[in-house]
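Reviewing the structure listed below.
The values are calculated or read from the model by the stated rules, or taken from the named source; none is laboratory data. Remember, predicted model here, so these are calculated numbers, not experimental data. Every residue, glycine as well, gets a Cβ built from its backbone with ideal geometry; the counts of neighbours run over all protein chains shown. Ligands, DNA and RNA are excluded from the accessible area calculation, which covers all protein heavy atoms including side chains. Shrake-Rupley method; radii C 1.70, N 1.55, O 1.52, S 1.80 Å.
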Amino acid sequence: MTYSFLPIHKLSFIFYNLFILYHSKLLEIKLQGVICMYHYQKPFKSLYSKWFYRVLFSILSLPIFLYACIKYLFVNDKKTTLGQIHELTELENALEKKYTFLNQPKSKSALQKEARAIYNHRNRYNNQKTTKDFTSFFTDILFGKYPIIKIIFAFPLFIVLSFYLNPIVRYIFERIIMTIVVMVGVVIVVFTILYFSPMDAAYSILGPDATKDQIHQFNEQHHLNSPYLVQLWEAIKGVFTFNLGTTYKGNDIVTQAIGARIPITLLIAVIALLIAILIAIPIGIISALKRNTWLDITLMIIALIGLSIPNFWQGLLFILAFSLKLDIFPPSYIPENPLSLILPVLVIGTAMAASITRMTRSSVLEVMRNDYVMTAYAKGLSTTQVVIRHIFKNAIIPIITLIGLLVAELLGGSAVTEQVFNINGIGRYIVQKQFVPDIPAVMGGVVYISLVISLVNLAIDIFYAIVDPKLREEIKGRE
């Protein structure tokens, strides 16, 4: 048996290539880590100067933040270079002249402190100059050596910063944060109003014949004797844990009671909205194209009448006409009968259609005055092509704004219409409970409405960013 061996020079060539490949992969990984940290460092620098983000980011990176604090206090070298001394001296002299001119003398230490603060703020994110303040020190540690370890110990911070890498994602993320803040604010305001309301829940539910022991037992059962801050904290905690407790009257679980009433409110709102849009937008466009004609005047008078009639009055007229006289539709809502939805949908859709028609007409008329519309006609495009390609596309933003407001109002529940047609929806439920006052039930309804309005506004903002190129460029250009 014979053995063949590679020559020494070929073996050395193979080992050399493997060595180069290994170190090139290491270099590639390191470069990717540096590039990744640079992308995260940019939004961190722009946001950490704001006090809210400073507190938030410090909490989210708590292990590294504590390490930076200890190192800054006990290990950090606070020596000042000649360049820093020269610039600080110039700042001190300028500040001394300023306060002398203002006749507000300052001590040497105060001038040095203010000069140091100005220097740090001016050069904090300047890579060419070194500052010795804690913000720069913390930033250098967080985005310095060993990026993998930093990401592990500050993982929540990098998750938050990930939302700020893309401008559109950042825009949506900030709107979601605003939604949460709005909900907390709404809970605080509504709870405070109900807490200090002169109406007594125990007296309203138990009646005037209730004894003091019964009222005391009722208040103890529902924690109404607890201090204001304790009850407020329980209300806020219940909102975010979806545990709003039980109602004072009926002892129903609040989340289940509200969840059972949302589907019918949502169904009526969606059907009414679709009908209103399908009718109102074409009528608004036709009215704008035929402005100041008998057709335009007639359509606008009808829209004005639809906008002026109160819902409860229109609902009663529809019941008298279509239910009692003609016997076509049921006078009240019956879950098993789909025809009973027609009258409430028509009542709600009438006012919506009137509002959308008027907004569509005014928005289309405003766009029609622009020069590019005249240019489109001059190119030989038909009226249909001009309306679809140029007019409606640019007139849709105000219409969407109005539709969003109407949708938020409808999803919150139209209490008057629900009362007229005996619909057990969310609007009627909130109105009935606020007269007790049943704080858990009212709180649940208000949180639902605020959540709906915030989500609708978020959807409108996202739609704006998709439709409007100017807004899209503005979002991308934000720091």
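Along the axis of the charge dipole computed for the range 130-191 (Cβ charges of +1 for Lys and Arg, -1 for Asp and Glu, origin at the Cα centre), the listed residues F191, I151, N166 are led at the positive end by I151.
Taking the Cβ of K97 as the centre, find all other residues whose Cβ is under 14 Å away and add up their charges (Lys, Arg: +1; Asp, Glu: -1). Walk me through the intermediate numbers first.
On the way: positive: K98, K106; negative: E90, E92, E96, E114.
Once positives and negatives cancel, what remains is -2.
Paramagnetic label reach from F242 (point 7 Å along Cα→Cβ; backbone nitrogen cut-off under 14 Å): within the range 415-453, residues 448.
As a calculated quantity, the FRET efficiency between L304 and Y228 at R0 = 45 Å, using C-beta atoms, amounts to about 0.40. For the range 313-428, the Cβ-based charge dipole about the Cα centre amounts to some 460 debye (Lys, Arg positive; Asp, Glu negative; other atoms uncharged).
Taking 0.36 nm per residue of separation and subtracting the Cα-Cα distance, what length does fully extending E474 through N337 add? Before the final figure, lay out the partial values.
Numbers: separation 137, 0.36 × 137 = 49.32 nm, distance 5.05 nm.
Between E474 and N337, full extension yields an extra 44.3 nm.
Computed with a 1.4 Å probe on the full set of protein chains, the accessible area for W313 sits at about 130 Å².
Where the only charges are on Cβ atoms (+1 Lys, Arg; -1 Asp, Glu), what is the dipole of the range 183-262 about its Cα centre, to the nearest 20 debye?
Values: 4 positive and 6 negative charges, 51 e Å.
So the dipole magnitude of the range 183-262 works out to roughly 240 debye.
Using r as the Cβ-Cβ distance of S382 and I262, and R0 as 51 Å, what FRET efficiency do you calculate, to the nearest 0.05?
Numbers: r = 45 Å, r/R0 = 0.89.
Taking R0 as 51 Å, the efficiency between S382 and I262 is 0.65.
Ordering A303, A351, L339 by the projection of their Cα atoms onto the charge dipole of the range 287-418, which places +1 on the Cβ of Lys and Arg and -1 on the Cβ of Asp and Glu, puts A303 at the extreme positive end. Net charge dipole, the range 126-279: roughly 800 debye, given to the nearest 20, about the Cα centre with Cβ charges of +1 for Lys and Arg and -1 for Asp and Glu.
Using a probe of 1.4 angstrom and keeping all protein chains present, the accessible surface of the range 235-381 works out to 56 square angstrom per residue. Greater than 32 Å separation of Cα atoms is the criterion. Which listed pairs, K97/K145; K45/K71; K71/K108, meet it? With Cα atoms farther than 32 Å apart: K97/K145.
Quick one: if the Förster radius is 51 Å, what FRET efficiency do K98 and N370 give, using the C-beta to C-beta distance and rounding to 0.05? Working shown, then result.
Numbers: r = 51 Å, r/R0 = 1.01.
E(calc), rounded to 0.05, equals 0.50.
Sorting D438, D252, D371 by accessible area (1.4 Å probe), largest first, what list results?
Putting D438, D252, D371 in descending order of accessible area: D371, D252, D438.
These residues, L274, L317, go from largest to smallest accessible area, 1.4 Å probe, as L274, L317.
For the residues I268, I177, I297, a 1.4 Å probe over the protein chains yields an accessible-area ranking, largest first, of I297, I177, I268.
Carbon and sulfur: what percent of the range 391-455's accessible surface (1.4 Å probe)? Could you put the intermediate results ahead of the total?
Values: 1580 of 2300 Å².
Ligands and nucleic acids excluded, carbon and sulfur reach 69 percent.
Once the chain from V181 to N219 is taken as fully extended at 0.36 nm per residue, the excess over their C-alpha distance is 10.7 nm.
Using a probe of 1.4 Å, the accessible surface attributed to V230 totals some 70 Å² when neighbouring protein chains are kept in position. Near R361: Cβ cut-off under 15 Å, other residues only, Lys/Arg at +1 and Asp/Glu at -1. The net charge is +2.
In this model, which of K50/K106; K249/K325; K42/K98 are farther than 32 Å apart at the alpha-carbon?
K249/K325; K42/K98
Taking all protein chains as they are arranged and a probe of 1.4 Å, the heavy atoms of S162 leave approximately 50 Å² accessible to solvent.
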